[in-house]
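J.: Below are the structure tokens for one structure; questions will follow.
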Amino acid sequence: MRIAVPNKGRLHEPALELLERAGLHVQGEAERKLYADTVDPDVSVLFARAADIPEYVSDGAAALGITGLDQARESGADLVDLLDLEFGACRLVLASPEDGGVNSPEELSGGTVATEFPTITREYFETIGVSPDIVEVSGATELTPHVDIADAIVDITSTGTTLRMNRLSIVDEVLESSVRLFADPTVADDPKVTQVKTALRSVIDADGKRYLMMNVPRDSLEDLKAEIPGMGGPTVMDVADGETVAVHVVVDEREVFEVIPDLKAVGATDILVTEIERLIP
């Protein structure tokens, strides 16, 4: 089974890191390669442009693809969106010059919109019943309203900084995007695909979680349970002395700092906080 992964750019390293953490170590150097094996003999990686990955998956060259929702939607390929990988977040927005007087999408009826995403842009305007002239460009989209090529643009933004630098203001949000795991519909239910999805999901679920282990007097156990903001009931195990129990629980990382003093106040000792590599329900 082959997984298509971005070959460069801001999505390349996070995608490889996610595969690594999921146990699918990519063997050899990924740079300048078209293919690479993983530690699983049944899984290999294909490196391609993020924009081309939906087509590779749709055509069967890869069973799975890691790329942005924006790229998948723009391609129009028939894909199954298996999993939000929760990185590469961005927005596709409609923007116009700050002093251009465009305050709503409806005002662009009969106007011109420049974009690198003509398919998404066309679908957006069809949904709201507006018919501008859509001009496809291959770069420097932000400049087009300032050189009289377009009245507005549809472009990707993460923080809005580039738009502000080019004196553009957001009129509307077209699409909220992040990197996803996509599958060829014919193999979406394949056991190997499910195995890969589960492995990646386990890494995502473990992010921001910590594993707490501690000892507590048996007669303080109920007080301790009241203080634990865990995912579920804690695991409680007997300790040899009979008067103490060991308690294990998963908590959100942001809660660790505040909960430790509360645990100690009800008698917890030998508290150990560890990171979690993977979390499988």
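J.: Give me the distance between the Cα centres of the stretch 182-243 and the stretch 83-121, rounded to whole Å.
T.: Measuring centre to centre over Cα atoms gives 41 Å.
J.: Order by neighbour count: 274, 141, fewest other Cβ atoms within 10 Å first, most last.
T.: Ascending number of Cβ neighbours within 10 Å: 274, 141.
J.: For the charge dipole of the chain, defined by +1 on Lys and Arg C-beta atoms and -1 on Asp and Glu C-beta atoms about the Cα centroid, which residue among 130, 58, 19 has the Cα displaced farthest towards the positive pole?
T.: Result: 19.
J.: Give me the dipole magnitude in Debye, nearest 20, for the stretch 90-177 about the Cα centre, with unit charges on the beta carbon: positive for Lys and Arg, negative for Asp and Glu.
T.: My answer is approximately 220 debye.
J.: Pull up the DSSP beta bridges for the stretch 90-177 and report the antiparallel fraction as a percent, rounded to 5.
T.: Given both bridge residues lie in the stretch 90-177, the antiparallel proportion sits at roughly 65 percent.
J.: Using each residue's phi in the stretch 86-94, evaluate 6.51 cos²θ - 1.76 cosθ + 1.60 at θ = phi - 60° and report the 3J(HN,Hα) Karplus result to the nearest Hz, with x for Gly and Pro.
T.: 6, 9, x, 5, 7, 10, 9, 10, 8
J.: About its Cα centre, what dipole magnitude does the stretch 208-275 give when the only charges are +1 on Lys and Arg Cβ and -1 on Asp and Glu Cβ, stated in debye to the nearest 20?
T.: Roughly 180 debye, rounded to the nearest 20.
J.: Right, another one. Using +1 at the C-beta of Lys and Arg and -1 at the C-beta of Asp and Glu, which of 177, 46, 280 has the Cα lying farthest in the positive direction of the dipole of the chain?
T.: 46
J.: For 137, 154, what ranking results if the residue with the fewest other Cβ atoms within 10 Å of its Cβ goes first?
T.: Going from least to most buried by this count: 137, 154.
J.: Counting other beta carbons within 10 Å of each residue's own, what order do 214, 165, 1 fall into, fewest first?
T.: 165, 1, 214
Read the figures in this text as sums done on the coordinates, not as results from a lab. Keep in mind the model is a prediction, meaning the values are calculated, not measured. Ideal geometry is used to build each Cβ from the backbone, glycine not excepted, and the neighbour counts take in all protein chains shown.
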